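Inspection log for the structure reproduced underneath, given as structure tokens.
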Amino acid sequence: MAFKMKGMKFYGDRTRKEMRQDHREHMDSLGDDKQARKEARKYHRGRKKELRAEELERRGRTKRAERKMKRGKKITDQFR
């Protein structure tokens with residue numbers, strides 16, 4: 001990564017480390033099913049954008065948050 005967050009919470013109340021650990025546990029639980037892993041990665045990418053958008057919204061960065069939320073919803077709606 002090109003910069004350091006200096007302890008800031010990137011996803012609201014969760015750190016990047018916590019997010020990565022949860023994602024790793026989920027991927028391990030899927031086993032060797034390639035299609036399930038592919039779908040999980042795609043869903044996780046969209047969900048991450050939604051979480052980041054919520055945090056940006058909380059900080060007052062509404063235009064950026066709207067764009068990110070729209071992009072994240074577009075990805076995650078495929079799985080609902």
> Given the pairs LYS17/LYS73; LYS48/LYS73; LYS42/LYS63; LYS17/LYS70; LYS34/LYS68, which are separated by over 22 angstrom at their Cα positions?
Replying inline: LYS17/LYS73; LYS42/LYS63; LYS17/LYS70; LYS34/LYS68
> Got a sec? What order do GLU50, GLU25 fall in by accessible area at 1.4 Å, biggest, i.e. largest, first?
Replying inline: GLU25, GLU50
>> So if I take the centroid of the Cα atoms in the stretch 49-80 and the same for the stretch 21-48, what is the distance between those two points in Å?
In response: 20
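The values are calculated or read from the model by the stated rules, or taken from the named source; none is laboratory data. None of these values were measured; they are calculated from a predicted model. Areas reflect the complete protein model, heavy atoms only, side chains present, ligands, DNA and RNA absent. Shrake-Rupley method; radii C 1.70, N 1.55, O 1.52, S 1.80 Å.
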